[in-house]
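Take a look at the structure below.
The values are calculated or read from the model by the stated rules, or taken from the named source; none is laboratory data. From a predicted model like this one, the values you see are computed outputs, not experimental measurements. Backbone-built Cβ (ideal geometry, glycine too); neighbour counts: all protein chains shown. Calculation scope for accessible area: heavy atoms of the full protein, side chains included, ligands and nucleic acids excluded. Shrake-Rupley method; radii C 1.70, N 1.55, O 1.52, S 1.80 Å.
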Amino acid sequence: MTEILLKNADLILTMDESRQELSKADILVRDGQIAQIGQGLESEGEEHDVSGCLVTPGLVNTHHHLYQTLTRAVPGGQDALLFGWLQTLYPIWSRFGPEEMFTSAQIGLAELALSGCTLSSDHLYLYPNGARLEDTIAAASELGMRFHPTRGAMSIGESDGGLPPDHLVEKEAAILDDMVRVVDAFHDPSEGSMCRVGLAPCSPFSVSRDLMRDAALLARDKGVMLHTHLAENDEDIAYSQAQFGCRPGQYAEELGWTGPDVWHAHCVKLDGAEIDLFSRSETGVAHCPCSNCRLGSGIAPVRAMRDAGVKVGLGADGSASNDNGNLMLEARQAMLLQRVANGADAMSAREALEIATRGGADVLGRPDCGRLMPGKRADIAVWDICGIESAGSWDPAALLLAGPMSVKHLFVEGRQIVRDGHITTIDLPRVIERQNTLARALQA
Ligand SMILES: [Zn+2]
């Protein structure tokens, strides 16, 4: 039995059923799970003094393309719209291989961890030069991050009227075979799981109707989740109407892509009927506010989604469309965007934090994560509120209005992976150096 005790937190935001906020309280962790929360707790195990700190559940990232941390701020893609941006980057990504996938995933996940994230999904939809999903799983495992990788795919190349170049797409039979392989090898459905695999054809404009349907059938057969991009911008809606004769929501519903085991990234352009469909079917949404701003896609109707009862989580999205991987900044941006669209009372800092934590956990089918309650996983973010960002703050729970935007300590399944603002599990300076070497080679 391993215990750790977080002692004397100034404030704990539990995100439990009644959203309790506890002053001067402790958290006792036993074998990766929260055992007790309250005052005056004691333990024989390791003790951490967290006085002067705000404690929240670890943040949950519901959408990312970790490999893209190797293509941040690429000049030709800096100011392009979505489709033009993709066409700039495809030739660069086609030169990736296993080491690029591993290193970029480690950088992306470490960056997320420093911003308080304890559980991240990833959407890897291209596999050039021998790259495999397990390259990213190894990166997450070494870092100690809870990970939900998805086996993405693209099958319609340029010569078939799709967007990606032909050499970056795969045959659909091979995609389905590899989906079976990675689920069988790496998916762990148990409570407290550190790795759950999902199936994720890249988007309706890069795979066939058949693959969308077959992936949905396979996911249900295997009991894993489904993920893709949907209704990201006006071009996306126009493509759906021209190619499929319907809006994205209808296309998704017809192919089995709605339900509690499905979550869609972006959904910036969902209309009222689609919001209603997502609510009725318990389909989740990964809201990516900075990416939506960066690509000029628009403001997702998150207020309307939440009011309708749609499950919404946050996504950093790939670093080539953000290009920052700080999930706390995403939460702040989510709050600000809803205010731009609907007024200053449209979203509170606490609601944005709720979306970032238990909201994301619910989208990923993880009711065991995203809240600090006895019996839940010990994924815990500790924020130092004695620094310059918090000086003068009257309400530390309104973290997103002031700061800080990076953690002091971070625990995943009770294991400390950030201590005093530094990653403990990997040699980050060495990984950064390796990443820069790989990026220079791609530019050559
Ligand atoms: Zn994306």
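Where does the range 1-122 land on Rg/Rh, using Cα atoms and the Kirkwood Rh?
With Rg and the Kirkwood Rh in hand, the quotient comes to 1.17.
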For the range 61-76, what does the Karplus curve 6.51 cos²θ - 1.76 cosθ + 1.60, with θ = phi - 60°, yield as ³J(HN,Hα) per residue in whole Hz, taken in order and with x for Gly and Pro?
-> 9, 9, 7, 7, 10, 4, 4, 6, 4, 7, 10, 8, 6, 5, x, x
Find the all-direction average of the projected area of the Cα convex hull for the range 223-365, expressing the result in square nanometres with one decimal place.
-> 8.0 nm²
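By average Cβ neighbour count within 10 Å, what is the ranking of 180-187, 315-322, 404-411 from highest down?
Ranking the peptides 180-187, 315-322, 404-411 by packing returns 315-322, 404-411, 180-187.
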For Arg151, list long-range residues whose amide hydrogen, built 1.01 Å from N in the peptide plane, is under 5 Å from its own amide hydrogen.
-> Gly198, Leu199, Ala200
Whole-Hz ³J(HN,Hα) from phi, Karplus 6.51 cos²θ - 1.76 cosθ + 1.60, for the range 254-264, glycine and proline x = 5, 9, x, 9, 10, x, x, 9, 10, 9, 10
Distance between modelled label sites at Arg209 and Gln20, nm, 7 Å Cα→Cβ extension = 5.3 nm
Kirkwood Rh in Å, taken over the range 241-302 so that all alpha-carbon pairs contribute = 12.1 Å
Can you tell me the FRET efficiency between Leu217 and Asp395 if r is taken as the Cβ-Cβ distance and R0 is 60 Å, rounded to the nearest 0.05?
-> 0.75
Scaled radius of gyration (Cα, divided by 2.2 N^0.38 Å) that the chain gives = 0.93
Which whole-Hz ³J(HN,Hα) couplings does the range 412-421 yield from phi under the Karplus relation 6.51 cos²θ - 1.76 cosθ + 1.60, θ = phi - 60°, glycine and proline marked x?
-> 10, 6, x, 9, 7, 10, 10, 10, 6, x
Give me D for the range 194-295 in µm² s⁻¹, whole number, from Stokes-Einstein with Rh from the Kirkwood sum over alpha-carbon pairs, 37 °C and 0.692 mPa s.
-> 239 µm²/s
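If you take the Cα atoms of the range 324-434, find Rg, then find the Kirkwood Rh from the mean of 1/r over all pairs, what is Rg/Rh?
Taking Rh as the inverse mean 1/r over Cα pairs, Rg/Rh reads 1.00.
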Relative packing of 424-430, 23-29, 85-91, which averages over residues the other C-beta atoms within 10 Å, highest first = 23-29, 85-91, 424-430
Roughly what % of DSSP beta bridges within the chain run antiparallel, to the nearest 5?
-> 45 percent
Leaving out ligands, DNA and RNA, what percent of the accessible area of the range 265-347 is carbon and sulfur, probe 1.4 Å?
-> 49 percent
Would you pull out the residues with amide H under 5 Å of Arg146's amide H, same chain only if 5 or more places away, H placed 1.01 Å from N?
-> Ser120
Which residues' amide hydrogens lie under 5 Å from the amide hydrogen of Lys311, considering only partners 5 or more residues apart or on another chain, with H built in the peptide plane?
-> Val285
Using a 10 Å cut-off on Cβ atoms, rank the peptides 158-171, 349-362 from the highest mean neighbour count down.
-> 349-362, 158-171
